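Below you'll find the structure, written out as structure tokens, and then a few comments.
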Amino acid sequence: MAEKFKKILIANRGEIALRIIRTAREMGIKTVAIYSTADRESLHVRFADEAVCIGPPSSTDSYLSIPKIMAAVEITNADAVHPGYGFLSENADFAEICTEYGVKFIGPKPEHIRQMGDKITAKDTMIKAGVPVVPGDGELLKSVEDGLQQAEVMGYPVIIKATAGGGGKGMRMIAAPEEFQGAWDSARAEAKAAFGNDGMYMEKYITEPRHIEIQVVGDQYGKVIHLSERDCSVQRRHQKLLEECPSPFMTDELRERMGQAAIKAGEAINYEGVGTVEFLVDSDRNFYFMEMNTRIQVEHPVTEEVLDLDLIREQIKVAYGEHLTGMNYVPKGHAIECRINAEDPWNNFRPSPGKITSFHSSKGHGVRVDTHVYAGYTISPYYDSMIAKIIVRAPTRADAITKMERALNEFIIEGVKTTVPFHQWLMKQEDFREGNFDTGWLGQQTLPKG
Ligand code: ADP
């Protein structure tokens with residue numbers, strides 16, 4: 001039996017920090033929270049065994065500051081670091097520094113993060129492993145002329161994407177040559193602002209695609225299993241708003257093929273830890289590798305609910321060297337997650353930070369709410385606007401939708417605007433109820449006005 005960690009430092013904040021603290025506590029592992037001065041009153045600070053203030057509100061001076069985090073590791077004597085999602089979770093240098101320092105980074109090896117973090121290298125690796133990828137050679141585009149030429153050969157529609165991209169930023173679909181210049185200028189400007197890198201590459205645009213991803217876990221001994229899929233096709237501007245498992249589009253046969261492809265992807269690099277292999281699936285059920293996320297994802301609870309397992313626990317166990325024992329799991333029942341953001345859905349999803357004056361979370365059978373907020377909590381404009389995740393599970397998809405409607409109606413929050421009304425609207429849409437949507441569906445709908 002591998003020896004478990006004694007103390008995990010959580011290099012994150014918000015609901016995911018709490019989520020990790022809870023599992024660590026159940027495993028008998030001590031936790032250290034880090035926090036910026038804006039998060040002094042946060043629950044993760046109160047629930048952890050120890051807490052260290054690491055700087056001012058700005059992320060660059062706190063949650064992204066490797067020297068400050070390593071100093072916190074040093075003074076608390078933590079033997080492992082959990083990076084959560086976002087922030088430094090996919091920063092290979094951070095993983096490397098942890099390793100050099102003798103603390104375990106709970107995640108894959110630095111070379112895997114590097115390999116998958118660069119979208120072009122990631123696609124090359126998958127092609128070598130025999131996994132189908134989105135057509136496009138991934139070469140950097142030199143100019144508009146170069147792009148126009150490549151698009152002519154590839155055939156429209158195409159999509160241009162930032163190599164450094166993430167969170168749906170820096171990408172534009174182009175249906176015809178006359179749209180090229182405009183899309184090029186705006187995608188590059190967006191990429192430059194968000195990532196400080198405006199390198200762009202081109203892919204074939206998969207029409208009417210569904211975003212279906214496969215959860216994988218690998219141990220330190222070369223074993224990789226898949227934990228079925230999540231459908232994340234309800235998107236606004238390439239950002240996920242709702243996730244579910246099983247995918248309404250899934251068949252046993254497709255799950256088997258996609259699951260095996262994801263395992264091949266993981267085995268090809270000897271992947272260690274939890275990871276997600278993201279695919280686009282067209283209407284003929286052809287699937288194409290898009291990217292691999294080398295961390296725990298926001299939407300992981302959907303998988304936990306249908307498989308009845310704790311993914312954070314699995315992640316921590318493989319990190320301290322336990323062997324994977326389970327086989328590929330099959331989902332039981334249906335789970336849906338709605339992301340509740342402090343944004344005004346009827347005003348272009350404009351951020352709505354501020355103080356929550358009253359709060360009541362949804363509860364009851366089959367309902368789980370992962371959140372770090374409470375009445376009196378102030379949502380800081382410095383960080384992500386996601387304030388809660390409502391997750392339901394029920395025997396069928398129709399039951400899960402009914403339960404989600406009930407849970408959304410019970411979610412009471414005052415003082416800030418949230419995306420609850422959007423999800424209430426979504427649950428009523430015929431196309432959604434019938435499972436009849438792709439990643440472009442939401443963009444084609446007329447949303448109610450506030
Ligand atoms: P990010 O890393 O920014 O999240 P992804 O590569 O994961 O970007 O893509 C995010 C979303 O963009 C996908 O879920 C899909 O909706 C859309 N997308 C990306 N590539 C393509 C493509 N080749 N064809 C069609 N849609 C795409």
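Listed by chain and number, the aspartates and glutamates placed with their C-alpha closer than 20 angstrom to that of Lys4 are Glu26, Asp49, Glu50, Glu74, Asp79, Glu100, Asp219, Glu272, Asp310, Glu314, Glu322; residues fewer than eight positions away on the same chain are left out. Shape class of the stretch 210-444 from the Cα gyration tensor (axes a ≥ b ≥ c, square roots of the eigenvalues): prolate, since a/c reaches 1.5 or more and a/b is larger than b/c.
Using the 1.4 Å probe convention, the accessible area of the chain works out to 41 Å² per residue with neighbouring protein chains retained.
Across the chain, the longest run free of exposed loop sites, meaning trypsin sites (Lys or Arg not before Pro) lying outside DSSP classes H, G, I, E and B with no more than 12 other Cβ atoms within 10 Å, spans 238-362.
Percent of C-alpha pairs per 10 Å bin in the stretch 135-204, short distances first: 24, 60, 17, 0. Pairwise Cα separations in the stretch 263-388 fall into 5 Å bins from 0 onward with the following percentages, short to long: 2, 7, 13, 16, 17, 15, 14, 9, 6, 1, 0. Restricting the chymotrypsin sites (Phe, Trp or Tyr not before Pro) of the stretch 185-234 to loop positions (DSSP other than H, G, I, E, B) with no more than 13 neighbouring Cβ atoms within 10 Å leaves Tyr221. Just list whichever of Lys169/Lys417; Lys6/Lys68; Lys355/Lys449; Lys204/Lys317; Lys204/Lys240 have alpha carbons separated by over 30 Å in the model shown. Check vs 30 Å cut-off fails for Lys204/Lys317.
Considering only protein heavy atoms and a probe of 1.4 Å, how much of the accessible area of the chain is carbon and sulfur, as a whole percent?
49
Relative contact order, whole percent, for the chain stands at 14, derived from Cα pairs under 8 Å and 6 or more residues apart. So what is the relative contact order for the stretch 135-204, in percent, with contacts set as C-alpha pairs under 8 Å and at least six apart? Normalised by residue count, the contact order of the stretch 135-204 is 45 percent. At a threshold of 8 angstrom on Cα-Cα distance, excluding pairs fewer than six apart, so keeping six or more, what relative contact order does the stretch 1-46 reach in percent? Relative contact order for the stretch 1-46 comes out at 43 percent.
Determine the shape class of the chain: with a ≥ b ≥ c the square roots of the Cα gyration tensor eigenvalues, call it rounded for a/c under 1.5, and otherwise prolate if a/b is greater than b/c, oblate otherwise.
rounded
Calculated on the Cα set of the stretch 353-450, radius of gyration then Dmax: 14.7, 40 Å.
Its DSSP H runs of at least 4 residues, each contributing -39,500 (n - 2.57), put the calculated 222 nm mean residue ellipticity of the chain at -9500 deg cm²/dmol, to the nearest 500.
Computed over the stretch 90-184, the P(r) curve from all C-alpha pair distances, binned at 10 Å from the origin, holds 14, 36, 28, 15, 6, 0 percent per bin.
Measuring spread by the Cα atoms of the stretch 7-106 yields a radius of gyration and Dmax of 11.9, 33 Å. Sites listed here are GluC sites (Glu not before Pro) in the stretch 112-171 whose DSSP assignment is loop and whose Cβ has at most 15 other Cβ atoms within 10 Å: Glu139.
The values are calculated or read from the model by the stated rules, or taken from the named source; none is laboratory data. Just so you know, these numbers come straight off a predicted model, no measurement behind them. FYI the Cβ positions are ideal-geometry reconstructions off the backbone, even for glycines, and counts take in every protein chain you see. To get the accessible areas, we keep the full protein, side chains included, count just its heavy atoms, and leave off ligands, DNA and RNA. Shrake-Rupley method; radii C 1.70, N 1.55, O 1.52, S 1.80 Å.
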